[in-house]
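K.L.:
Sharing a structure here in structure tokens format.
The values are calculated or read from the model by the stated rules, or taken from the named source; none is laboratory data. None of the values given here were measured: they were computed from a predicted structure. Here Cβ is always computed from backbone atoms with ideal geometry, including for glycine, and neighbour counts include all displayed protein chains.
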Amino acid sequence: MQISQTLSRCITFHKVVQQLYEQGEINFKEKNKLKTEFNTNNEDILYLIEDIDKKDFKQQLVDYVKSKHQLFKLPNSPGLRRKSHLSHFSESSPTIGRRSGFSKESKLTEEELISYINKLREALVEVYQSRSSAFTYLVQDHLKSLTQFISKISNKSPQASIILLQEQNIAEEIELYYKQLKNQFLNTHSLLINDNIMAVTSKLVQNLLNCDEFTFINPQYGIYESNKNSFNNIESNEYLQDLISVTTNVNLLTENQTKLFQMFSQYQRTYTIRIQDECFFYHQYQIKDTLLNLTLEYKCLNEIQILSKLISKATIEARVQIFSPIQIGNMILDVGVEFVRCSKYLFINQIINLLRTKYTIEKNDNDQLGSSTSLSSTNLSPTSKQTKCTKIQFKDILPLEIMVLGLNLNKKDDLQVYKTITNLYTKYLKFIELSYDRIIFYKYFIKSKDSIMLEFDKEGKLAFLSRPIPPSLSREFQLAYSHRGHYYQIIQNERLLRVIEQHLDNKWNIQQTDQLYEIFMKARNKKFKGFAIIFSEGFLQTRSLEMETKKIKLRQEATQYLSNLEQNNPEIKDTILSFYIPQQVHVPGIIHKKKKSMINGFIDTIQINIIDVQNVEQEPIYIDQIDSFDFNIFKIENNSIEKQRMVYQILKRNDFFEEFEFDKNRLCEFLGELEYRYDKRRNPFHNYNHGVNVMHSCHVIMNKMISQVQYKDLFDQLTKLSLILSGLCHDVGHTGRTNIFEINNLSQKAIRYHDKNVLEQYHAATALKLLLKERMNFLKNIDFRQFREKFIQNIIFTDKQEHFNLLKFFEANNEKDTKIITGMIIHTSDFIGASAKWPISKQWSLRVNQEFQSQFEEEGRLGLPQQPFMKDLQKISVLSKSEIGFYKFFVRPLYVSLSKFMDHQLQDRIDNIDETIIEWDQLASQENQQQ
């Protein structure tokens with residue numbers, strides 16, 4: 001599309017400035033200076049931009065910003081004037097005293113100069129060894145400037161004049177810090193888009209506390225270190241004395257806390273705090289400004305405690321379940337806005353530190369104003385000419401007041417400093433107020449299921465996205481999420497871009513737009529602040545929302561395939577195939593529950609079978625079929641011990657006992673409990689028979705695959721173990737109902753797992769909870785965190801609505817991603833009954849359709865939407881049509897794809913499927929003839 005020339009230049013300018021900063025050509029301060037002058041329509045910058053298309057434009061910008069206070073003039077530039085060497089100095093030199101220190105006429109001897117240098121060296125050593133809280137960003141900036149200055153001196157000849165920097169411009173420094181602080185605390189809401197909760201907790205610590213890493217010790221779960229992203233056991237006795245010394249206030253870790261000091265020796269500074277029975281440690285690789293320094297003085301300890309508890313809760317919960325940051329979005333936003341409020345204390349503290357470089361600061365003893373260091377002056381006593389003083393008040397719940405000795409408002413420079421402080425502090429309070437308003441606004445859109453908002457700042461960068469972009473919306477408007485990306489990077493739809501530009505060209509005019517979305521211009525005090533696009537319920541209600549999984553092109557292709565499938569094959573409408581197509585769930589406005597849902601009527605009491613190790617170690621009756629598809633679980637479905645022997649032998653066959661040193665007694669406890677959890681509802685299909693059958697199929701397919709030379713080393717032992725056990729456990733505790741039923745019924749499971757992979761997440765969680773019980777944990781000698789990740793991934797892939805995406809991903813990238821390959825194995829094994837010979841496949845079909853019939857009846861009783869494909873399944877003609885569509889469009893392509901990958905080793909399964917399709921077709925024909 002064509003972008004207006006002015007907008008194009010604006011975009012190019014910001015891109016070039018960012019590139020120069022990233023390449024190290026300009027520093028952070030120079031980058032911000034360029035942007036500030038551009039936004040204020042500086043004549044020199046506007047003149048430079050006329051040459052924006054020239055090759056040397058970047059170099060012109062660098063020369064301009066580096067030479068702003070040196071001898072430099074652009075040809076015919078209306079704004080720049082030649083400056084004298086004696087009146088302007090290098091911007092990078094440090095402040096040395098109040099006057100231009102050495103001149104050409106200086107009478108200092110060589111001995112005196114060496115003495116000064118030695119004193120400077122001693123002072124630098126003192127700074128280097130300092131661990132005090134006075135080591136702020138300001139100190140570091142001065143050290144950097146000093147380094148540059150010394151470098152320049154060393155390159156000068158002894159006869160050359162030494163020209164020092166002009167005194168530090170305090171007003172400029174305050175304004176720069178104001179902008180940095182706003183940027184640091186502005187974008188907490190953008191973290192909600194991240195799918196990884198652990199990444200979000202780390203970013204919260206970095207953004208809000210300005211710390212690099214964190215650690216916490218929980219007496220129940222052990223020690224968590226963010227740099228390792230893992231929990232580990234800790235010998236509490238060894239660290240007991242140090243942990244006792246951690247108080248409920250924020251303190252610096254000291255060398256006296258020997259064990260903890262050694263543990264965190266890689267960090268330059270560590271802050272400690274105890275909250276109830278947990279100890280938190282926040283680390284910095286380099287000493288930086290942080291609110292942790294100011295908690296007592298400014299009474300913001302409560303905010304630190306709330307953030308710490310949020311981090312602990314989210315980290316611990318992430319061990320046992322998968323959840324998105326958006327699910328705790330309100331908590332994250334609340335914590336973020338409270339830290340925005342507290343950030344004004346960092347601003348006050350930095351103002352005081354900057355003022356100290358030139359003035360003397362005094363305060364009343366009764367004041368509770370604080371900072372990272374004492375407020376007493378570090379300068380010499382004021383002379384008679386500096387007797388003027390100015391009182392500066394910072395508005396707060398408790399009024400904060402300082403006296404600045406030597407700040408004379410009759411002097412132009414001093415007046416400028418005073419005005420800068422008062423104006424910027426007032427603006428910062430307004431920024432805090434607006435942040436609270438903004439959070440209320442954001443919370444509305446986070447909760448909304450009918451609307452989605454994209455907000456862009458005045459530079460056109462993404463500032464807020466209320467939730468991940470639904471695939472349907474992405475397809476319609478060609479949207480692609482990019483963190484802090486420009487709107488033209490995120491929006492590829494030319495029509496929408498044209499509408500946006502029309503709005504940008506007419507910022508103050510209200511314009512009508514397409515009812516599928518609205519565009520709002522943001523303004524404050526008649527200044528343009530950006531714009532927002534809201535896609536409202538008109539769009540989202542008329543287009544089906546698919547499950548939000550991998551947002552890549554393959555998913556779009558899978559969706560297109562489904563659309564074509566339904567259009568080209570009308571016979572599959574209202575069949576079981578619709579069960580596997582991602583779709584919007586329709587929850588009725590009012591659900592009248594006539595009685596509590598019961599699965600398959602009255603649930604009998606089922607006792608847990610006690611399994612003896614010696615008994616289970618005996619060879620099963622069908623040991624000769626353990627490595628082939630000939631095994632038929634129905635022959636032993638009423639023989640519990642035979643099923644357990646088969647499970648035991650599969651584990652033994654794969655050398656898991658030797659590799660991971662299983663505790664056999666605990667394994668038997670686990671298998672007995674697992675069988676009970678499977679069978680307590682007496683489901684016709686989703687029971688322990690099905691679990692053992694899928695486990696056996698995973699074992700057979702996996703070993704057939706690795707028998708081929710090219711796949712011999714495809715899986716490590718932990719991957720194999722997670723695949724085999726996830727096959728066994730993938731449906732444990734199944735309700736005999738579908739995910740759609742759980743969601744429409746507003747079940748506790750659906751609420752807990754936010755309608756996403758409801759039963760699959762529940763099955764994984766149920767099995768993992770059993771494994772974490774001491775008497776059943778036979779996996780003590782494995783990397784449980786890695787096992788858990790693989791285990792959950794495999795079970796999620798058994799969700800039927802993941803089918804078409806999984807198939808597409810596998811076919812596109814099957815030799816590179818073991819996660820996708822194991823997903824295909826367990827997903828294919830989930831339908832091992834469908835690939836059996838007729839009439840075994842028929843028996844499996846009849847059993848699963850019993851559950852569908854039962855669900856259809858219960859949906860009617862509860863007033864829930866009834867699934868069309870579950871209706872009239874007692875009629876052979878209806879059942880046959882449903883099964884033919886299921887086998888033809890779903891099961892067969894799945895086996896064909898995996899068999900092709902395995903050099904056609906599943907061809908006998910495909911032949912069985914073909915036979916089954918024919919048999920169902922014949923049954924349908926016979927039914928029609930009889931009618």
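This table checks each residue for (1) among the charged types (D, E, K, R); (2) at pLDDT below 95.
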position: Phe791; (1), (2): no, no
position: Phe804; (1), (2): no, yes
position: Thr818; (1), (2): no, yes
position: Phe831; (1), (2): no, no
position: Gln843; (1), (2): no, no
position: Arg847; (1), (2): yes, no
position: Val878; (1), (2): no, yes
position: Ser882; (1), (2): no, yes
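Yes/no per residue for (1) surrounded by fewer than 20 Cβ atoms within 10 Å (Cβ to Cβ); (2) charged (D, E, K, R):
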{"site": "Gly406", "(1), (2)": "no, no"}
{"site": "Asp414", "(1), (2)": "no, yes"}
{"site": "Thr426", "(1), (2)": "yes, no"}
{"site": "Met453", "(1), (2)": "no, no"}
{"site": "Asp457", "(1), (2)": "yes, yes"}
{"site": "Leu462", "(1), (2)": "no, no"}
{"site": "Glu501", "(1), (2)": "yes, yes"}
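K.L.:
Which one is surrounded by the fewest Cβ atoms within 10 Å (Cβ to Cβ), of the residues in the range 178-223 that are among the aromatic types (Phe, Trp, Tyr) and at pLDDT below 90?
P.N.:
To start, the set of residues in the range 178-223 that are among the aromatic types (Phe, Trp, Tyr) comprises 178, 185, 214, 216, 221.
Pick out the ones that are also at pLDDT below 90 and you get 178, 185, 221.
On the way: Tyr178: 21, Phe185: 23, Tyr221: 16.
Only one residue fits best here, namely Tyr221.
K.L.:
Among the residues of the range 640-678, write down those that are surrounded by 20 or more Cβ atoms within 10 Å (Cβ to Cβ) and among the acidic types (Asp, Glu).
P.N.:
Glu669, Glu675
K.L.:
Tell me, please, whether a residue that is at pLDDT 75 or above, of a type in the set (D, E, K, R) and out of contact with any Asp or Glu (no Cβ under 8 Å at 6 or more places or on another chain) can be found in the range 470-480.
P.N.:
Checked against the condition, which is being at pLDDT 75 or above, of a type in the set (D, E, K, R) and out of contact with any Asp or Glu (no Cβ under 8 Å at 6 or more places or on another chain), the range 470-480 yields at least one hit.
K.L.:
Would you confirm whether or not the range 418-429 contains a residue that is over 30 Å from Val335 (Cα atoms) and over 32 Å from the mean Cα position of the chain (by Cα)?
P.N.:
Within the range 418-429, one or more residues are over 30 Å from Val335 (Cα atoms) and over 32 Å from the mean Cα position of the chain (by Cα).
K.L.:
Identify, by number, the condition in (1) within 30 Å of Glu338 (Cβ to Cβ); (2) in a helix (DSSP H, G or I) that Ser472 doesn't meet.
P.N.:
So Ser472 meets the others, but not (1).
K.L.:
Here's a check for you: in the range 208-238, which residue that is without any contact (Cβ under 8 Å) to a residue 24 or more places away in the chain and assigned to a helix (DSSP H, G or I) is farthest from Leu772 (Cα to Cα)?
P.N.:
Within the range 208-238, the match that is farthest from Leu772 (Cα to Cα) is Glu238.
K.L.:
Condition first: among the β-branched types (Val, Ile, Thr) and assigned to a helix (DSSP H, G or I). Now tell me which residues in the range 815-836 satisfy that.
P.N.:
Taking the range 815-836 first, the residues among the β-branched types (Val, Ile, Thr) are 818, 820-822, 825-826, 828, 832.
Thr818, Ile820, Ile821, Thr822, Ile825, Ile826, Thr828, listed by residue number.
K.L.:
Also, I was wondering about something else. Met695 versus (1) surrounded by fewer than 18 Cβ atoms within 10 Å (Cβ to Cβ); (2) modelled with pLDDT of 95 or more: which is the lone unmet condition?
P.N.:
For Met695, the failing item is (1).
K.L.:
Go through the range 270-284 and give me each residue that's under 16 Å from Ser226 (Cβ atoms) and not hydroxyl-bearing (Ser, Thr, Tyr).
P.N.:
Ile273, Glu278, Cys279, Phe280, Phe281, His283, Gln284
K.L.:
Follow-up. Hey, could you check the range 727-769 for residues that are basic (Lys, Arg) and under 21 Å from Val848 (Cβ atoms) and say which is surrounded by the fewest Cβ atoms within 10 Å (Cβ to Cβ)?
P.N.:
The residue in question is Lys749.
K.L.:
Inside the range 704-719, can you point out the residues that are farther than 20 Å from Glu659 by Cα and among the β-branched types (Val, Ile, Thr)?
P.N.:
The one that is farther than 20 Å from Glu659 by Cα and among the β-branched types (Val, Ile, Thr): Val709.
K.L.:
May I ask you to list the residues in the range 625-645 that are assigned to a helix (DSSP H, G or I) and more than 42 Å from the chain's Cα centre (by Cα)?
P.N.:
The answer is Gln625, Ile633, Phe634, Lys635, Ile636, Ser640, Ile641, Glu642, Lys643, Arg645.
K.L.:
Could I ask something else about it? What's the number of the only condition in (1) part of a helix (DSSP H, G or I); (2) more than 23 Å from Lys447 (Cβ to Cβ); (3) in contact (Cβ under 8 Å) with a residue 60 or more places away in the chain that Ile287 fails to meet?
P.N.:
(1) is the only condition that Ile287 fails.
K.L.:
Another question, then. Tell me, please, whether a residue that is of a type outside the set (Gly, Ala, Ser), touching a residue at least 24 places away in the same chain (Cβ under 8 Å) and more than 22 Å from Leu346 (Cα to Cα) can be found in the range 291-305.
P.N.:
Within the range 291-305 (the criterion being of a type outside the set (Gly, Ala, Ser), touching a residue at least 24 places away in the same chain (Cβ under 8 Å) and more than 22 Å from Leu346 (Cα to Cα)), the answer is no, since none of the residues qualifies.
To keep it simple, each residue is scored yes or no on (1) part of a helix (DSSP H, G or I); (2) touching a strand residue (DSSP E or B) at 6+ places or on another chain (Cβ under 8 Å); (3) buried (at least 22 other Cβ atoms within 10 Å of the Cβ).
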{"site": "Trp838", "(1), (2), (3)": "no, no, no"}
{"site": "Arg861", "(1), (2), (3)": "yes, no, no"}
{"site": "Pro865", "(1), (2), (3)": "no, no, no"}
{"site": "Ser877", "(1), (2), (3)": "yes, no, no"}
{"site": "Glu883", "(1), (2), (3)": "yes, no, yes"}
{"site": "Tyr887", "(1), (2), (3)": "yes, no, yes"}
{"site": "Pro893", "(1), (2), (3)": "yes, no, no"}
{"site": "Val896", "(1), (2), (3)": "yes, no, no"}
{"site": "Ile910", "(1), (2), (3)": "yes, no, no"}
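K.L.:
Out of the residues in the range 509-533 that are of a type in the set (Val, Ile, Thr) and surrounded by 13 or more Cβ atoms within 10 Å (Cβ to Cβ), state the one that is modelled with the highest pLDDT.
P.N.:
Ile533
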